[in-house]
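The block underneath contains the structure these notes are about, expressed in structure tokens.
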Amino acid sequence: MHNNISSAAGRLPAVVLACAGAPEGDLNVVRSLGEQGVSVIVVGEYADPPSRYSRYCIEFVQVPDFGGHPQALLSVLADLSHRHGGPLPVFPSADPDLEVLSRLGDAARPYVRSTMADPALVLTLMDKGAFSELATRTGLPVPRTFTPHTLEEVEQVADALSYPAIAKPLLPTSWKHQDLPREIRLAKAIVVQSREELLDIGRTVAPCGLALILQEYVPGDDAEHYDVHAFIDQQGEARATFCGRKWRIQPPHVGSGCYVESLHEPVLEAMVVDILQRIDYRGIANLNFKRHSRTGEFKLLEINARVSQWTILTTRSGVNLPWMAYRDVCGLERQAPPPRQSGLWYVSGKSDFRAVRGYVREGLWTWAGYLGSLLKRPLVCQVLNLQDLGPARQLTLHWIAEKMRLRSPS
């Protein structure tokens, strides 16, 4: 697919990776770059990522299951580099494409201007066990964490933990095995209410490899979840930070932000800069925290070496991290960021609606409260953008086609 848009004279196009199952991040990056005059090439695992239909996408290349076929992705990156006269800025937008790009490592270096941290550090941050060791070594403010290697060790940890507790896959892809129940395959984390429930999860995932990490639960409701996004340039200087408070997340209690407020938390943002410089980080980062409801202490849950699913809120608030990263890796003159705006609200309509259904069942939100929350202004929508209607149009057509298919007689 080729759209009629060109970058500013002499400006390199950017490549945005779009893996299956995570359409938010790539669309955010495409718009954040395109609005600054950067042409974008989307490389997707599947045929119809919404970002493909953005007015800022000049070309779409499908590489089916590039997460499982890294050499196919490498071949496409090499071809794009040759066609455009040299390595291009490449933006991973979700964990699977972040992992495959990191594992390509030196092989991709001739074709890629990397916008992410050192691949070895990225893989350490993605591996919850390795991250726990790094956090202990560098004194990061993480909850107490255990990485059992056998079912016997799971039993020992189960006796040591208080409940509720958190169970997570060791790697983002560790629980994607088709033999596991759907609720586990799709889980980013699971809130475990009892010792017996924890042991049941251990026994369920063990036949596919006991890729399990267990963590103490930080008390507090979902509105105690905060993210800080940051950009550290190639010289190690913190160029920007941004904070968002997640009022609703999907799935509730263990998912990603689907209704988020932009705000300024200078103490937390300074803590993030210290954390990233302590581990010698470069590039875009997205750090997840939860504030302890009794002590007020912020506990670090994870460091993602990429944009978040709601980076468009960051951009709309004046902190355009993909544009900063693009300028940095292309050697362009540093720009002072525009004034930062707090008090914006972000919603990802479909995910948020699903989250609210769960909250209503638990008595944590009402439908009236939900509808009232959508009246807050300024409201930033994940998909709908009047200056870039292609993604919303395509998703609507896809939804209609799916409903017709389900209703048609077999």
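The values are calculated or read from the model by the stated rules, or taken from the named source; none is laboratory data. Because the structure is predicted, anything quoted here is derived from the model rather than measured. Don't worry about glycine lacking a Cβ; one is built from the backbone with ideal geometry, like all the others, and counts go over all protein chains shown.
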Query raised in the report: Quick one: would you say R245 is more than 16 Å from the chain's Cα centre (by Cα) and surrounded by fewer than 20 Cβ atoms within 10 Å (Cβ to Cβ)?
Result: no
Query raised in the report: When only residues in segment 379-400 that are polar (S, T, N, Q) and not in a helix (DSSP H, G or I) count, which is nearest to the chain's Cα centre (by Cα)?
Result: Q382
Query raised in the report: Taking segment 182-199 on its own, how many of its residues are assigned to a helix (DSSP H, G or I) and surrounded by 12 or more Cβ atoms within 10 Å (Cβ to Cβ)?
Result: 6
Query - Any chance T136 is touching a Ser or Thr at 6+ places or on another chain (Cβ under 7 Å) and among the hydroxyl-bearing types (S, T, Y) - result: no
Report task. Quickly run through segment 36-65 and pick out the residues that are under 17 Å from P92 (Cα atoms) and of a type in the set (A, V, I, L, M). Result -> V38, V40, I41, V42, V43, V61, V63
Query raised in the report: Within segment 40-56, how many residues are closer than 16 Å to A14 by Cα and either surrounded by fewer than 21 Cβ atoms within 10 Å (Cβ to Cβ) or out of contact with any Gly (no Cβ under 8 Å at 6 or more places or on another chain) (or both)?
Result: 5
Query - Residues that are in contact (Cβ under 8 Å) with a residue 12 or more places away in the chain, over 19 Å from E24 (Cβ atoms) and either outside the structural domain of R334 (by TED's automatic domain parsing) or acidic (D, E) (or both), drawn from segment 224-260 - result: E224, D233
Report task. Taking R340 as meeting all but one of (1) out of contact with any Asp or Glu (no Cβ under 6 Å at 6 or more places or on another chain); (2) modelled with pLDDT of 95 or more; (3) farther than 30 Å from L214 by Cβ, write down the number of the exception. Result -> (2)
Report task. Within segment 140-173, count every residue that is closer than 30 Å to Q277 by Cβ and in contact with a helix residue (DSSP H, G or I) (Cβ under 8 Å, 6 or more places away or on another chain). Result -> 12
Query raised in the report: Among the residues of segment 258-305 satisfying the criterion of being farther than 25 Å from M116 by Cα and of a type in the set (D, E), which is surrounded by the most Cβ atoms within 10 Å (Cβ to Cβ)?
Result: E261
Report summary line: Counting only residues in segment 1-25 that are at pLDDT 95 or above and buried (at least 24 other Cβ atoms within 10 Å of the Cβ), the one farthest from the chain's Cα centre (by Cα) is identified as A14
Query - Filtered residue count, segment 273-331, keeping only those that are of a type in the set (F, W, Y) and more than 19 Å from the chain's Cα centre (by Cα) - result: 1
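For the structure I just gave you, tell me whether L171 is closer than 26 Å to N286 by Cβ and not β-branched (V, I, T). Before you say what the answer is, go through the steps one by one.
Working: closer than 26 Å to N286 by Cβ: yes; not β-branched (V, I, T): yes.
So L171 passes the test.
Output the strands (runs of 3 or more DSSP E) that fall wholly within segment 207-320 and possess 2 or more residues being among the β-branched types (V, I, T), or say none.
Numbers: elements: 212-216, 225-232, 238-250, 256-263, 283-291, 298-304.
Filter on segment 207-320 gives 225-232, 238-250.
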Query raised in the report: Within the group D127, D97, D106, D118, which residue is buried (at least 22 other Cβ atoms within 10 Å of the Cβ) and of a type in the set (D, E)?
Result: D97
**Report entry** Residue satisfying all of: in segment 341-378; aromatic (F, W, Y), surrounded by 15 or more Cβ atoms within 10 Å (Cβ to Cβ) and over 22 Å from the mean Cα position of the chain (by Cα); nearest to V30 (Cα to Cα) among these
**Finding:** Y370
